[in-house]
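The values are calculated or read from the model by the stated rules, or taken from the named source; none is laboratory data. Please read these numbers as outputs of a predicted model, since none were measured by experiment. All Cβ positions, glycine included, derive from the backbone under ideal geometry; neighbour counts span all protein chains shown. Remember, those area values only see protein heavy atoms, side chains included, never the ligands or the DNA or RNA. Shrake-Rupley method; radii C 1.70, N 1.55, O 1.52, S 1.80 Å.
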Amino acid sequence: MNVKVEVQQSVAFKRKLHEIAALSSVVLNQAGRDTADWLRRYHVRFRQKWQGDRYMAGPRSNLFWQQVVAGWQDPVVSGKKVTITNTFGLLKWKTTGGTITPVRARMLTIPLVPDAKGLSAAEFVAEEGTPLFRVGNALMRRIGKRLEGIYALKDSVTQAPWPDAMPPDDEIKQVFTDSVRKQVRDIARQK
């Protein structure tokens, strides 16, 4: 047995379908903006958590979290897909972890004192005016009759993913979904 149903679409019905299609782009865009704003706020609140057990303040201590927050871009809506990206590459590094190897030098310089944090050895020497010399696997400076380690020298360093560098996917989805639901309720109230 075959049943055939034909639906005649009135002009009003076609107009309503067009309205809904146009609204979906607006709703998705707003939900994307709400989610990107939420991610920015998450990383502002998270700023102190980047400081692990070996954290030391240095000349550029607050730049990392600021770059994470600034890296969140406005959403891009393509059809039914919303993409929110962070352009600060080190955020991906913090979420996945991995091994760091030197790019422009033979060894990594790991700061041992706060004044060296965020500075290359050459920048440190230029700022401090004190020459560094190698002793074993460290770059040292002389202070009076005493030696002070400024950088440890390493072939590579492996870092684990940073806990909570990103909120759980379920939380992000919930923020997006809540925004869509709120907008749909608001639109329904206006009609």
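Overview of results
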| item | result |
| --- | --- |
| Residue-normalised accessible area of region 83-155, given per residue in Å² at a 1.4 Å probe | 63 Å² |
| Cβ charges +1 (Lys, Arg) and -1 (Asp, Glu), total dipole of region 141-191, debye | 360 debye |
| Derived scalar couplings ³J(HN,Hα) [region 107-117; Karplus, 6.51 cos²θ - 1.76 cosθ + 1.60; whole Hz; x for Gly, Pro] | 9, 7, 10, 9, x, 10, 10, x, 5, 8, 5 |
| Largest-first ordering by accessible area, 1.4 Å probe, given options Val68, Val77 | Val77, Val68 |
| Links that overshoot a 26 Å alpha carbon limit, given the list Lys92/Lys117; Lys94/Lys182; Lys117/Lys173 | Lys94/Lys182; Lys117/Lys173 |
| Cβ charges +1 (Lys, Arg) and -1 (Asp, Glu), total dipole of region 54-191, debye | 140 debye |
| Rounded percent of accessible protein surface that carbon and sulfur make up, region 92-133, 1.4 Å probe | 58 percent |
| Euclidean distance of C-alpha centroids, region 129-188 and region 80-123, integer Å | 7 Å |
